[in-house]
1. Can you spot a residue in the stretch 294-302 that is open to solvent by 10 Å² or more (accessible area, probe 1.4 Å) and either out of contact with any His (no Cβ under 9 Å at 6 or more places or on another chain) or of a type in the set (G, A, S) (or both)?
2. Is it true that some residue in the stretch 310-326 is more than 16 Å from the ligand (Cβ to nearest atom), open to solvent by less than 10 Å² (accessible area, probe 1.4 Å) and at positive phi?
3. Of G265, G290, which residue is more than 16 Å from the ligand (Cβ to nearest atom) and surrounded by 16 or more Cβ atoms within 10 Å (Cβ to Cβ)?
4. Quick check, is K359 closer than 28 Å to E22 by Cα, more than 14 Å from the ligand (Cβ to nearest atom), free of Cβ contacts under 8 Å to residues at least 40 places away in the same chain and open to solvent by 10 Å² or more (accessible area, probe 1.4 Å)?
5. Can you tell me which residue is nearest to the ligand (Cβ to nearest atom) among those in the stretch 71-99 that are of a type in the set (A, V, I, L, M) and surrounded by fewer than 22 Cβ atoms within 10 Å (Cβ to Cβ)?
6. For the stretch 327-339, give me each residue that is out of contact with any Phe, Trp or Tyr (no Cβ under 7 Å at 6 or more places or on another chain) and open to solvent by 10 Å² or more (accessible area, probe 1.4 Å).
7. Considering the stretch 236-249 alone, what residues qualify as being surrounded by fewer than 16 Cβ atoms within 10 Å (Cβ to Cβ) and either within 16 Å of the ligand (Cβ to nearest atom) or assigned to a loop (DSSP other than H, G, I, E, B) (or both)?
Amino acid sequence: MSTKLLVSLFLAVVLLSARAAERPNVLFIASDDMRPQLGCYGDKTVKSPNLDALARHGMVFLRSYVQQALCSPSRISMLTGRYPATTGIFEIGRTLRTTMPDITTMPQHFKNNGYHCRSLGKIYHVGIDDDASWTVPAWHSRKPRNGPVGTAAVAARKKEIAEKGITAPAKGKGAVNYAVPAFDAVACGDDDLLDGDCAVNAIAQLREHAKTPEKPFFLAVGFANPHVPWVSPKKYWDIYEREKIPMAANNFLPRGAPAFAATSGMDFHWYAGVPEGDLPESFARECLHGYLAAISYVDAQVGRLVAALKETGLAKNTIIVFWSDHGYYMGEHTWWGAKHNNYEGATRNTFIISVPGMKNAGRATESIVQAVDIAPTLTELCGLPPNDGFQGRSLKPVLDDPEAKVNDAAFSWYPKGPGYLGVAMRTDKWRYVEWTKPGAKTEIELYNQAVDPQNNLNVADKPEHAKVLEVLGQRMRERFPVQTYEEPPPAVKKKDN
Ligand SMILES: [Ca+2]
């Protein structure tokens, strides 16, 4: 080999390493079932000082939508940068490789470009992970998700099942996972429960990374709260006055909506102590109290991660994303502890991005964004080559100018039924939902978001909206042809929750 070639090779290696070292790190924080109920979203009740501080150093996306309001399909869509229409996964059960064996996911794209990629806690749905996405296998805390009361309830239920020789149902009242109370204020420290322990491990990872600044990282940290059961250390309950927590005013189903569409999950009602039917007000208030405490518990863990970034000096070169996998209902439309549909409350999620040195720090944007936009956004912000498989759009124009628009609509999917697949299109003014089923009449929903932000009244059948329906329907069909979906038979038993 000639000296000239050797020198060129050496320079190429030096340049590549220098470029890798300059690339920002990514701390991607996911929270499970956290609706945009934070101080930085204008909520006056919740205590979220750390996420509000993150928002002051970042941008809050007020109109961010996930592509399906259910844990696993939402996460698979976001992590692959593909719509569920492409992943074909609309349920909890199958891994993404079932339908897309050779896909390159967002973290895998980072891994392929020299990043150390790691998953701690719930990033993909628990038990439905993707090894190819990570440099090392995903890590899960062994600390309890529940306090002593919940842990004892599970043990008692297991004992009862063994003694009676019965087969417990996998779902519903009587299932082992649902033997725990729906909420609990535990006299313990943050690190005695799962999410605090996840933060401890994440901080340890950050300290390790600080020692090898030449290798950028993509660290994904997923918290289990505020998914039901709402279990958090008692100190987070003590910061709220239960009687002052506002209750939902629209405790009725969306009016004029198809009955099969206006439904949500019932799993919350399977937890121990949850009454059938309407919740008495005192019980409903305890639920809201528990949900808010669980948000504050996550908020505190985020604060610890951000403090670790500052302490290690990593903050100046680390992009922080905070994302929840969908919205949530806490009494609105009579739904509790639920998502599972195509309405605004289920599909709108919490989403904050903080980029070191960003000029619009502290701004909020009403630009319509989607979870599939995250992959191309981080790819661009980190200077990686684009990946043609990512279907969203980079949000860098919005980060540079909160008034900028990159999407004219956000799309979400949900199978309902049996046999219907619904696609929702959220534009600036409308939520337009089409429900198609082979051999059945297509059902349409239309909500005027400008006057009906919570989707209380379906106005699709108003004669004055005929033209709007035609235009919106055409817009949707141009993007996504009619698709059908049949839920696959359950294959392997997966860990629930
Ligand atoms: Ca979730």
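1. At the first step, the residues of the stretch 294-302 found to be open to solvent by 10 Å² or more (accessible area, probe 1.4 Å) are 300.
Okay, now just the ones that are also either out of contact with any His (no Cβ under 9 Å at 6 or more places or on another chain) or of a type in the set (G, A, S) (or both), so 300.
Checked the stretch 294-302: at least one residue is open to solvent by 10 Å² or more (accessible area, probe 1.4 Å) and either out of contact with any His (no Cβ under 9 Å at 6 or more places or on another chain) or of a type in the set (G, A, S) (or both).
2. There is no residue in the stretch 310-326 that is more than 16 Å from the ligand (Cβ to nearest atom), open to solvent by less than 10 Å² (accessible area, probe 1.4 Å) and at positive phi.
3. G290
4. Values: closer than 28 Å to E22 by Cα: yes; more than 14 Å from the ligand (Cβ to nearest atom): yes; free of Cβ contacts under 8 Å to residues at least 40 places away in the same chain: no; open to solvent by 10 Å² or more (accessible area, probe 1.4 Å): yes.
Judged against the criteria, K359 is not a match.
5. Only one residue tops the list, namely I92.
6. E332
7. D238, I239, E241, P246, M247, A249 - these are the residues of the stretch 236-249 that are surrounded by fewer than 16 Cβ atoms within 10 Å (Cβ to Cβ) and either within 16 Å of the ligand (Cβ to nearest atom) or assigned to a loop (DSSP other than H, G, I, E, B) (or both).
To keep it simple, each residue is scored yes or no on (1) polar (S, T, N, Q); (2) more than 16 Å from I123 (Cα to Cα); (3) modelled with pLDDT of 95 or more.
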| site | (1), (2), (3) |
| --- | --- |
| D52 | no, yes, yes |
| H57 | no, yes, yes |
| F61 | no, yes, yes |
| S64 | yes, yes, yes |
| S77 | yes, no, yes |
| Y83 | no, yes, yes |
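The values are calculated or read from the model by the stated rules, or taken from the named source; none is laboratory data. Note that the coordinates shown come from a computational prediction; the quantities given were computed from them, not determined experimentally. Cβ: placed from backbone, ideal geometry, glycine included. Neighbour counts: every protein chain shown. Calculation scope for accessible area: heavy atoms of the full protein, side chains included, ligands and nucleic acids excluded. Shrake-Rupley method; radii C 1.70, N 1.55, O 1.52, S 1.80 Å.
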